[in-house]
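Chemist: Mind looking over this structure? Questions follow.
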Amino acid sequence: GCSWDDLIKNSGSELLEKYSTILQTLAKQKGMLGEIFIRSRSEFSDPTNLKKLLNLIDEIDWSSLPVDVKGAAYEGLLEKFASEEKGAGEYFTPRILIQAIVRCIQPDFRKSDEFTIHDPACGTGGFLIGAFEWIKEQTEGGSKLSNKDRNRLLKNTFSGMDNVVMTRRLALMNCYLHSIEPAIYFGDSLGEGPHVGRRYNVVLTNP
């Protein structure tokens, strides 16, 4: 009951109700999807505005677009948002700077079977994405990796932390659109939490 078709076929007050129900249902899902939608709520009070937005989105066949295109589109939105919102720079590092730092560090996860990459002030996840894209370049888009290493790269290599709920949500969504499943914790990197006592092979961050 949470598919795009389930949502867009509605209109009027039924549309607002369905949208809110979908958000609540997704927030209860296990794993990364539930983490993205936890505590999410609708900001729409006028069903006409929501319907207009849905119709605009519906004009594009998003399912046919490759992961790289969707990820790049989302990062473009984040960059535009950061340039327009006062104070948004606190969680957005220019991607050209991230790429330069990653090239210097060369976070090659193939050095160890337990290689980890962490950002204790991850913001929207730019450094994690940057490291992932660099690794893809070194492995011809991942084609040089075994199935075991590819699975390890996507699910067990990256982690981060942020102390703003909305920013953590943006980071999770950014990674989700790039097919990465990192552990992104919510809280103070200098305080108590699940991260205390852990060590990482590489730390990439803009504190």
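None of the figures in this text is laboratory data; all of them are computed from the coordinates on show. Just so it is clear, the model here is predicted, and its values are computed rather than measured. Using ideal geometry, Cβ is built from the backbone for each residue, glycine included, and neighbour counts are taken over all protein chains shown.
Chemist: In deg cm²/dmol, rounded to 500, what helix-only [θ] at 222 nm does the chain give when every DSSP H run of at least 4 residues adds -39500 (n - 2.57) and the total is split over its residues?
Modeler: My calculation for the chain gives -15500 deg cm²/dmol from helical runs alone.
Chemist: Report Rg (one decimal) and Dmax (nearest whole number) for the stretch 157-207, counting Cα atoms only, units Å.
Modeler: Answer for the stretch 157-207, Rg first and Dmax second: 11.1, 30 Å.
Chemist: Normalised by the residues of the chain, what does the relative contact order come to in percent, with Cα pairs under 8 Å and at least six apart?
Modeler: 20
Chemist: Please give the per residue volume of the convex hull enclosing the alpha carbon atoms of the stretch 1-110, rounded to a whole number of Å³.
Modeler: 168
Chemist: By how many nm would the segment from Asp149 to Trp4 lengthen if fully extended, with 0.36 nm per residue of separation less the alpha-carbon distance?
Modeler: Length gained, Asp149 through Trp4: 48.9 nm.
Chemist: Once you have the Cα-Cα distance between Leu54 and Lys30, take 0.36 nm times their residue separation minus that, and quote the gain in nm to one decimal.
Modeler: Full extension from Leu54 to Lys30 adds 6.0 nm.
Chemist: Quick one: if the Förster radius is 35 Å, what FRET efficiency do Thr205 and Glu137 give, using the C-beta to C-beta distance and rounding to 0.05?
Modeler: About 0.95, to the nearest 0.05.
Chemist: Okay, next question. Among all lysine pairs in the chain that are eight or more places apart or on different chains, how many have alpha carbons less than 20 angstrom apart?
Modeler: Going through the chain pair by pair, I get 18.
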